[in-house]
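The next block holds one structure in the form of structure tokens; read it before the comments.
The values are calculated or read from the model by the stated rules, or taken from the named source; none is laboratory data. Remember, it's a predicted structure, so these values are computed and weren't measured experimentally. Backbone-built Cβ (ideal geometry, glycine too); neighbour counts: all protein chains shown.
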Amino acid sequence: MTNNVIEIEGNNPKGKILTKRLVLLMSITCGLAVANLYYNQPLLADMGRTFHASSHQVGNISMFTQIGYAIGMFLFVPLGDMRERRQLITILLAAVTISLVGVATAQTLLWIYVASLAVGITTVVPQVIIPLAAQMAGPEERGKVIGSVMSGLLFGILLARTVAGFIGGSLGWQMMYWVAAVLMLALAIILRKFLPRSYPEANLTYGQVLKSLGEFIVTQPTLREVSLVGGLLFGSFSVFWTSLAFYLEGAPFHFGSEVTGLFGLVGVIGAAAAPFVGRLADRFSPKSMVGIFIIITLISYFFFGFLGSAVWGIVTGVILLDLGVQGAQVSNQTRIYSLVPEARSRLNTVFMVTYFLGGSLGSSLGSYAWNLWQWQGVCLTGGMLIVLGFLVWGIHQLKYKS
């Protein structure tokens, strides 16, 4: 083992403490990896022209990617509680490299559906890294560390659209996926050298791990509430982003993929707040903060629905949408990581599988609503998902006041 690699067992790093450089490395990795899920959103209109497909047909590309992500989290993320994480992360990065090449070389709509599903299944590295960061951090700084790593993930989610818009608009959407494949291969090499070895906190078989997922759902009401709220909020997030490219290419905007991608850059303001949200979660009740962020998310859809014919209205809505959804996610993850410390990867699996199933539902609903009712239908659909999320949160608060 090289000198720059440390070993972690349980909650006790062996050799040295969690450093800022290591947190930064994990943040960058999360951002670059999760971006694979979102490159397609500003490029959907271009993809539709390539495959001569309708907006609903190409909207399914986002849906399959997010369904794949949910499948990958169910299959692979629980392994973080029973296997050495560095090796698992390296293998997954190699696999997603191959999947991205599959998208870049797609010749038919069915081909890109299958390749997008594979990209989703193998792009689960962030959900292995986040529990690792929580394991390494002390209880007094766990929210701060999670917020810092999450900020990298959120930057990746948002900047992916901007980068994809520019590269896709200039060099074709296929080139974006070639670039992504090279980045994943480079990450696999870098993390193999610098990421610490991490040993599991529980001695379980894979069957026991999967069985325990159902047990946690039954016995942990907070996990159920957090997961449902997260899925509904991320569904509203996907409703908007899946439909935006179609809305902006028509009247009164007539924007191409390059300009559409810039709206992701606007959302960086919300992502930049993630470390601050994490610090607040360490000091105040993250449960109450979730309710505040749900309301912020709902307000964003008022801007989209009533002021969405102006660029400034969409910009304001994007800032509020990203702040609300990402703030709720950081607060919710801080809540679940304190429930069963030795099962953080499994708790994260339940949360994130539900989260991205909600996202895949939102992608499908967004393209469907656009086909039937255009922009106002999109805004009504997204807003209804947020209202449902608020009801789930509110009922839980009334039933479990502790």
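For Trp393, state whether it is out of contact with any Cys (no Cβ under 7 Å at 6 or more places or on another chain), aromatic (Phe, Trp, Tyr) and surrounded by fewer than 17 Cβ atoms within 10 Å (Cβ to Cβ).
Numbers: out of contact with any Cys (no Cβ under 7 Å at 6 or more places or on another chain): yes; aromatic (Phe, Trp, Tyr): yes; surrounded by fewer than 17 Cβ atoms within 10 Å (Cβ to Cβ): no.
It is false that Trp393 is out of contact with any Cys (no Cβ under 7 Å at 6 or more places or on another chain), aromatic (Phe, Trp, Tyr) and surrounded by fewer than 17 Cβ atoms within 10 Å (Cβ to Cβ).
Take the stretch 118-140 and flag every residue that is more than 15 Å from the chain's Cα centre (by Cα) and assigned to a helix (DSSP H, G or I). If you could, list the steps in order and put the result at the bottom.
Restricting attention to the stretch 118-140, the residues satisfying the condition of being more than 15 Å from the chain's Cα centre (by Cα) are 118, 132-140.
Within the stretch 118-140, Ala118, Leu132, Ala133, Ala134, Gln135, Met136, Pro139, Glu140 qualify.
Glu215 is checked against (1) surrounded by 14 or more Cβ atoms within 10 Å (Cβ to Cβ); (2) assigned to a helix (DSSP H, G or I) and fails just one. What number does that condition carry?
The single condition Glu215 does not satisfy is (1).
Anything in the stretch 354-378 that is within 15 Å of Arg224 (Cα to Cα) and crowded, with 24+ Cβ neighbours inside 10 Å? List them, or say none.
The initial filter retains those residues of the stretch 354-378 that are within 15 Å of Arg224 (Cα to Cα), namely 354-358.
Answer for the stretch 354-378, where residues must be within 15 Å of Arg224 (Cα to Cα) and crowded, with 24+ Cβ neighbours inside 10 Å: Tyr355, Phe356, Gly358.
Restricting to the stretch 95-112, name every residue that is surrounded by fewer than 17 Cβ atoms within 10 Å (Cβ to Cβ) and either under 20 Å from the mean Cα position of the chain (by Cα) or not in a helix (DSSP H, G or I) (or both).
Thr105, Gln107, Thr108
Considering each residue of the stretch 319-345, count those that are within 16 Å of the chain's Cα centre (by Cα), of a type in the set (Val, Ile, Thr) and under 25 Å from Ala245 (Cβ atoms), and give that number. Talk me through it step by step, then tell me what you get.
Step one: of the stretch 319-345, the residues within 16 Å of the chain's Cα centre (by Cα) are 321-334, 345.
Narrowing further to those that are of a type in the set (Val, Ile, Thr): 325, 330, 334.
With the extra rule that they be under 25 Å from Ala245 (Cβ atoms), the set shrinks to 325.
Qualifying residue count, the stretch 319-345: 1.
Condition check ((1) at pLDDT 85 or above; (2) not small (Gly, Ala, Ser)) across all residues:
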{"residue": "Ile89", "(1), (2)": "yes, yes"}
{"residue": "Leu109", "(1), (2)": "yes, yes"}
{"residue": "Gly143", "(1), (2)": "no, no"}
{"residue": "Val149", "(1), (2)": "no, yes"}
{"residue": "Gly152", "(1), (2)": "no, no"}
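Of the conditions (1) crowded, with 22+ Cβ neighbours inside 10 Å; (2) more than 14 Å from Ser367 (Cα to Cα), Arg83 clears all except one; give me its number.
(1)
Say we look at the stretch 159-210 and pick out the residues that are of a type in the set (D, E, K, R) and over 14 Å from Gly261 (Cβ atoms); which of these is modelled with the lowest pLDDT?
If we filter the stretch 159-210 for residues that are of a type in the set (D, E, K, R), which is where we start, we get 161, 192-193, 197, 201.
Those still in the list that are over 14 Å from Gly261 (Cβ atoms) too: 192-193, 197, 201.
Values: Arg192: 88, Lys193: 86, Arg197: 79, Glu201: 61.
The extreme case among them is Glu201.
Going through the stretch 346-402 one residue at a time, which ones are over 20 Å from Leu248 (Cβ atoms), polar (S, T, N, Q), over 18 Å from the mean Cα position of the chain (by Cα) and assigned to a helix (DSSP H, G or I)?
Gln397
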